[in-house]
Every structure is written in structure tokens, then in C-alpha cells.
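Asker: Take a look at the following structure, please.
The values are calculated or read from the model by the stated rules, or taken from the named source; none is laboratory data. Predicted model only: the values in this text are computed from it and were never measured. Glycine gets a Cβ as well: all are built from the backbone with ideal geometry, and neighbour counts include every protein chain shown.
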Amino acid sequence: MSEYKNIPPVPQPSARSMTRRKFIKRSIRLAAALMVAPASGFGYARWVEPGWLETVSVDVKLPRLPQAWDGMRIIQFSDLHLGFYLHAEDLPPLVATINRLQPGLICFTGDLLDHPIDRAERTAAAKALAELHAPYGKYAVLGNHDYGGRPENAASLLSEAGFQVLRNGLARLEHPGGAFCIAGVEDSVKGIPDLGGALWGSRDEEFKLLLAHCPDFALTAANFPVDLQLSGHSHGGQVRIPFYGHVVTPLEAKHFVQGMYSLNNGKLQLYVNRGIGMSLLPVRFFCRPELTVITLRSAQSAH
């Protein structure tokens, strides 16, 4: 068994490449640009694309995935930001869509709340998310916005909805053909992620799925025996310009913005989900909200 517990928590840099103030200033400039754009373009970004959910299907071949888990279907969703421009009443259609996809495993990668919500909204959200069903369970981590009030608010809501919230923790799915480990770390911006602590209890040779809200945490995860990391946080930039790409991304989403990435000569695969909700500005442009269907394939798979 690995001695991961002796590895200290990942240190947090004292100087960030972009402060929150700079991020807000850029967002204000972006908002100004959208306001002077043609009315049809702004209307599309404000009222059409935010509700136009895209389901993205990805097959991921993973050398260490036991043959017994070949074909495992994971549904990943992220960044609801409840209380901003998404509310509990918007969740039942999303839940129905996820259930129709018949997931084996459901993973939520953070930012459930944008800010504290009232008791009625909280109850309705928990009731809606409780209707999500997957035979191998529902797992979640917290995002930076979940720390806006107290992180326990988001964690308890997710727990009431039947999610196992992994806060530098580990869950194991047992099978005679090999274990499937699911680790989750605290947020990189507002929390203290401890991947060594999260992996305590697993073995080097076992397959490991990591849930980490911030995609740039993959630069740390690449130094550990992690096979696949699922992240959100970036919103894909939320506004993307054709032939240019994203305009701005938040802290800890500078290296990896959306889609699939391969690190450490393919030993770590990273998928970054664009999220469901919105942050700071209630717009999406060439960056639709995303629901991801990830099918895991072992190295022995014929697919």
C-alpha cells in the first residue's frame, strides 16, 4: 500500500497570474463589448445559448483500467451556480436528461452554489438532484463558489441528494476483476487540495479516477498514479470568439480550458467540462452548456 499520507498538501502559490480584480475588469470589458454588439447577437448569447444544452460523448482508453470495468459510462456535469441565473426549478429537465442516458456512475465537479440560497430553494434543489440514479453511485467535489458562504452548505445539500462528497477523500468500487478508485480533492482556489491524503488507502496498481474542480490541478495530479481527472471551473471560457477561442478564463484554468487533454506521456487523461450554469455574466457565446458522457475503455478492449 502506498505511503501517500506522508506527502504534504500541495502548497498554494502566493502570487497569482491574474487577480480577481483583473478578472472582473476583463469581464466588464467583455460585457461592454457584448452590449454594443448587434442586438441579435447579444440576445442569442443571453437568451438562447445558455439554455441550449450539448451532450458530448467521449470514449477514453485507459491502460490501467481493469477489463471488468470496460464500458463503464460516467455522466459528468459541473458548475450549476444555483442562485445566480439557474434555479432549482431548472433542475428537473437536466435530471431527466441524465437519467435517460443511463449512467453507471454520476460525477459532479463543483460549484453547486453561486451564493447562499434560501431554505425553500435548497430543499427543492436537493429533492431534484436526489432523483438522479446510477448503479455505482453519485460522487461530487466542491468548487470555489461553494466556499462563498460556508462549504458545508453545498456539501450537506449534495449529501442530502445522495452524493458522496469527496473532500480530500477516496471511495472504492470493488469487483473480482479489480478495484475502481474514485478520489476527490478540495478546490484549488479557496480550499487546500491534498491529493496524497485523498489517495490514502489505494494501491499504486489500482485504477484511479480523480475529481478536481480546477483543471490546472492536473499539473499536480500528473505526479501521482492517477489515470483520469474530471474537472469543470473554466466554463470553457463562457464566451468564445470564432477562430480565436476563449476570451478569459478564471484562476486555475489557464492551461486547460475545455475538452480532452493528455499529460505525462498519456499516463494521465484530463477532461474539462464547460459547465451548465454561468458566472459573473449571464451569457454564453459559442460555448454551450455541456453534459459529458464518458465511456471508459480498457487497453484490452476491442473498441
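Asker: In the stretch 152-164, which residues are crowded, with 16+ Cβ neighbours inside 10 Å and either on the phi < 0 side of the Ramachandran plot or out of contact with any Lys or Arg (no Cβ under 6 Å at 6 or more places or on another chain) (or both)? Quick ask: steps written out before the conclusion?
Answerer: From the stretch 152-164, those crowded, with 16+ Cβ neighbours inside 10 Å are 153-155, 157-158, 161-163; that's our starting set.
Residues satisfying the conditions are 153, 154, 155, 157, 158, 161, 163.
Asker: Can you name every residue in the stretch 194-216 that is farther than 17 Å from residue 79 by Cα and part of a loop (DSSP other than H, G, I, E, B)?
Answerer: Once the filter is applied, which keeps residues that are farther than 17 Å from residue 79 by Cα and part of a loop (DSSP other than H, G, I, E, B), the stretch 194-216 yields 194, 199, 200, 201, 202, 203, 204, 205, 206.
Asker: Counting just the residues of the stretch 49-105 that are in a strand (DSSP E or B) and touching a helix residue (DSSP H, G or I) at 6+ places or on another chain (Cβ under 8 Å), which one comes out nearest to residue 155 (Cα to Cα)?
Answerer: Of the stretch 49-105, the ones in a strand (DSSP E or B) are 54-62, 73-77, 82, 86, 105.
Cutting the leftovers down to touching a helix residue (DSSP H, G or I) at 6+ places or on another chain (Cβ under 8 Å) gives us 55, 75, 77, 82.
Values: 55: 26, 75: 20, 77: 16, 82: 14 Å.
Selected residue: 82.
Asker: In addition: Can you pull out the residues in the stretch 67-91 that are over 19 Å from residue 163 (Cα atoms) and in contact (Cβ under 8 Å) with a residue 60 or more places away in the chain?
Answerer: Within the stretch 67-91, 67, 68, 69, 70, 71, 84, 85, 86 qualify.
Asker: Let me ask something additional. Search the stretch 219-245 for residues being assigned to a strand (DSSP E or B) and of a type in the set (A, V, I, L, M, F, W, C), and hand back the single one that is surrounded by the fewest Cβ atoms within 10 Å (Cβ to Cβ). Show your work before the answer.
Answerer: Taking the stretch 219-245 as the starting set, the residues that turn out to be assigned to a strand (DSSP E or B) are 228-231, 239-241, 245.
So of that shortlist, the ones also of a type in the set (A, V, I, L, M, F, W, C) come out as 228, 230, 239, 241.
Numbers: 228: 21, 230: 27, 239: 23, 241: 13.
Among those residues, the one meeting the criterion is 241.
Asker: All but one of (1) modelled with pLDDT under 95; (2) part of a strand (DSSP E or B) hold for residue 181, so report the exception by its number.
Answerer: (1)
Asker: Still on this structure: Taking only pairs six or more apart or across chains, which ones have beta-carbon atoms under 8 Å, a first residue in the stretch 176-193 that is on the phi > 0 side of the Ramachandran plot, and a second residue that is crowded, with 18+ Cβ neighbours inside 10 Å and outside any loop (DSSP other than H, G, I, E, B)?
Answerer: Once the first residue is on the phi > 0 side of the Ramachandran plot and sits in the stretch 176-193, its partners that are crowded, with 18+ Cβ neighbours inside 10 Å and outside any loop (DSSP other than H, G, I, E, B) give 178/69; 178/207.
Asker: Scanning the stretch 121-146 for residues that are free of Cβ contacts under 8 Å to residues at least 40 places away in the same chain and in a helix (DSSP H, G or I), which turns out surrounded by the most Cβ atoms within 10 Å (Cβ to Cβ)?
Answerer: Checking each candidate, the answer is 129.
Asker: From 149, 169, 196, which residue is surrounded by fewer than 23 Cβ atoms within 10 Å (Cβ to Cβ) and at pLDDT below 95?
Answerer: Of the residues listed, the single one that is surrounded by fewer than 23 Cβ atoms within 10 Å (Cβ to Cβ) and at pLDDT below 95 is 149.
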